[in-house]
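The values are calculated or read from the model by the stated rules, or taken from the named source; none is laboratory data. Please read all numbers here as calculations on a predicted model, not as lab measurements. Virtual Cβ from ideal backbone geometry, glycine too; neighbours counted across all protein chains shown. Heads up: the accessible areas ignore ligands, DNA and RNA and are worked out on the full protein's heavy atoms, side chains in. Shrake-Rupley method; radii C 1.70, N 1.55, O 1.52, S 1.80 Å.
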Amino acid sequence: MQKLNWDNITIMVVDDNSFMRNLIVTTLRALGISDIVTQSSAKGAIEALRESRKNPVKAGIGTIDIILSDFVMSEVDGSLFLRWIRTGKQAPDRFVPFLMVSGAADQDVVEQARDAGVTDFVAKPFSAKSIADRVLEVIKNPRQFVLAPGYFGPDRRRQDRLVDWRTLYDDDTPLQADRRVTKAAEIQVIHARSNIRNLRDDVRAVYFRPANKLRDKLGPNAMRGQIDFDPLVIQAAEERIQELVGDYSTWVRNYLVSVTNSYNALCKGDEDKKHHVLNINAIAHELRGQGGIFDYPLITAFGKTLYEATIDTDAKVTENRLKLIEAHIDAIRLVFTNKIRGKGGDVGKALLKDIERAVKKYSEPRKVKAAS
C-alpha cells in the first residue's frame, strides 16, 4: 500500500454522547487519522469554529477538513449545525465535507440532512469499514457544490443514487422556491482557479468546483495512485472496536438504571411525565444505534421499537404504555445478563416475538396533527 500522510487531515467529531464520541475517535485513530478535534455539542462546535476564523491560536483549531456529526443532539441538532456550516456568515468553510452519523436513519431524518447540504450519511450501527469508506469517498470523489434558490450544498447527483438537485423544484419535495426546470444555459460553472467575480444576469444556478485539497494533503503518492486504507488496518480497527464491548456493557447498565428510574417515576405518577418519557426516548435512540456495533443486534431491534413507542412525548402515559416500556426493559436486561450476542438462536427469536406481541398488544394509535 502507498504511504499517505493521514496526519495532515483534521477531522472534527461532534456528538453529545461521550461513549459514541470516543468510539468514533478510537475508530479514526485506529485507521491512522490522529489529528481529531472533538466537541460534545453542536453549539460548542459552532462557537469553536466561529472563534477559529478570528483567532485559530486561541480557538486551538486550524483548518477542519471533514466533520462527522451526530444528528440528534440537545439545544442545536445536527441539521441546524449543518445549515450553519453551509450558510452561516461566520462559518470558516462552507464547502467542508460533512458526514452525518446517526442511529436515526429514518427517511425524514435523511431528507432533513440532505436538504441542509449533507455530504453523506453514516447510519448507526456503523463499522470501521463504513467510516473508512465514507472518508475515502469525500477525498477520492469530491462533489461539486450547487447554489440554487433555497439550496446550497453538494450536488445530489451521484452514480449510486441518481437524485438530481433539480428535484428540489418538484411538487412533493420540501424546497419549492421555483418549479421551472433549470436549463443548462442558465447554469454558471465556477472552477477553483476561476477569476470570475460576477454572475451572469440569466443565471439561476451556480456550480462550484473547488480544488481537491484533501488529496493534496495526503501527499504526492495520493496524486499518483489509488487512495485506500490497508485492509489489515481496517481489520485492526474493527478489532479495536470490539475491545470496547466491556465499556459498552457498562454504558448499557447505566442506561438501564436511568430508564428504570424514569419508568418507576412514571408508575408513581411523577408530575414531570414528559421529562421521563424524553429520557427513555433519548436512551432508546442511543441503543438502536449502538447495539449492532458490538454484535448486539437484539439491542438495536429493541431500541428501535422502544424509540418508536416513546417518540410522542406529549402522549398520555397509560397503563398500556407503561407495560410496553416494561417489556423492553426486561428484554434488554435479559440480553445483557445472559450476554446474548448475534441473533441469539432460539432465545433471540423468542425475545423478538415477545416484543412484537407486546408492541401489537400495548401500542396505542398516534394522534395525527391537523394540517396548519
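Data table
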quantity: Evaluation of Ser249 against (1) part of a helix (DSSP H, G or I); (2) over 20 Å from the mean Cα position of the chain (by Cα); (3) farther than 20 Å from Thr337 by Cα; (4) not aromatic (Phe, Trp, Tyr) (one fails), failing number; calculated: (3)
quantity: Residue in the stretch 1-10 that is crowded, with 19+ Cβ neighbours inside 10 Å, under 19 Å from the mean Cα position of the chain (by Cα) and either at pLDDT 90 or above or under 22 Å from Trp251 (Cβ atoms) (or both) present; calculated: no
quantity: Residues that are touching a residue at least 60 places away in the same chain (Cβ under 8 Å) and among the small types (Gly, Ala, Ser), drawn from the stretch 77-91; calculated: Gly78
quantity: Scan of the stretch 237-246 for residues that are of a type outside the set (D, E, K, R), in a helix (DSSP H, G or I), farther than 17 Å from Val135 by Cα and touching a residue at least 12 places away in the same chain (Cβ under 8 Å), ordered by number; calculated: Ile241, Gln242, Val245
quantity: Residues satisfying the stated conditions in the stretch 47-72, i.e. open to solvent by 20 Å² or more (accessible area, probe 1.4 Å) and of a type outside the set (D, E, K, R); calculated: Asn55, Pro56, Val57, Ala59, Gly60, Gly62, Thr63, Val72
quantity: Selection from the stretch 14-26 of residues that are open to solvent by less than 20 Å² (accessible area, probe 1.4 Å), assigned to a helix (DSSP H, G or I) and closer than 22 Å to Gly62 by Cβ; calculated: Ile24, Val25
quantity: Residues satisfying the stated conditions in the stretch 325-339, i.e. free of Cβ contacts under 8 Å to residues at least 60 places away in the same chain, open to solvent by 10 Å² or more (accessible area, probe 1.4 Å) and assigned to a helix (DSSP H, G or I); calculated: Ala327, Asp330, Leu334, Thr337
quantity: Set Gly348, Gly292: member being assigned to a helix (DSSP H, G or I) and in contact (Cβ under 8 Å) with a residue 60 or more places away in the chain; calculated: Gly292
quantity: Selection from the stretch 92-117 of residues that are assigned to a loop (DSSP other than H, G, I, E, B), at pLDDT 90 or above and either of a type in the set (Val, Ile, Thr) or open to solvent by less than 10 Å² (accessible area, probe 1.4 Å) (or both); calculated: Val96, Gly117
quantity: Ser363 vs. criteria touching a helix residue (DSSP H, G or I) at 6+ places or on another chain (Cβ under 7 Å), modelled with pLDDT under 95, open to solvent by 30 Å² or more (accessible area, probe 1.4 Å) and of a type in the set (S, T, N, Q); calculated: yes
quantity: Residue match in the stretch 311-321 (condition: in contact with a helix residue (DSSP H, G or I) (Cβ under 8 Å, 6 or more places away or on another chain), in a helix (DSSP H, G or I) and over 26 Å from Glu238 (Cα atoms)); calculated: yes
quantity: Subset tally (residues that are assigned to a helix (DSSP H, G or I) and either open to solvent by 40 Å² or more (accessible area, probe 1.4 Å) or under 24 Å from Ser74 (Cβ atoms) (or both)) for the stretch 29-46; calculated: 6
